[in-house]
Amino acid sequence: MLVKLTNCNDQLKGMPIYLMTEHIVSVFELPTDAGSLVTCVYGIRGDTWQVEQGLNEVIDIINGRLIDVR
């Protein structure tokens, strides 16, 4: 299944990211320098994407329980 997430990397902030769920290995949060958390999606080729959606929201999107309409 193809899912749409929103990039939060400084250079691509706000741009959509379309990922095949079959290529996602893990989803996790990391602390930022500002003290907040950023959600990261790790892929099978070793790529990591930082996304605007929170961890639970990303998991719901991947599992088909939430459709991102932004």
**Item:** Meets criteria (over 12 Å from the mean Cα position of the chain (by Cα) and hydrophobic (A, V, I, L, M, F, W, C)) for residue 12
**Value:** yes
**Prompt:** Among all residue pairs at least 6 apart or on different chains, which show Cβ distances below 8 Å where the first residue, located in segment 1-12, is more than 16 Å from residue 47 (Cα to Cα) and the second is of a type in the set (Gly, Ala, Ser)?
**Reply:** 1/64
**Prompt:** How many residues, within segment 10-60, are polar (S, T, N, Q), out of contact with any helix residue (DSSP H, G or I) (no Cβ under 8 Å at 6 or more places or on another chain) and surrounded by 15 or more Cβ atoms within 10 Å (Cβ to Cβ)?
**Reply:** 1
**Asked** Could you say whether any residue in segment 24-39 is within 16 Å of residue 63 (Cα to Cα) and not in a strand (DSSP E or B)?
**Response** no
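Could you check segment 1-23 and list, in sequence order, the residues that are within 20 Å of residue 65 (Cα to Cα) and in a loop (DSSP other than H, G, I, E, B)?
1
Values quoted throughout were computed directly from the atomic coordinates according to the rules given, and no laboratory measurement underlies them. None of the values given here were measured: they were computed from a predicted structure. Here Cβ is always computed from backbone atoms with ideal geometry, including for glycine, and neighbour counts include all displayed protein chains.
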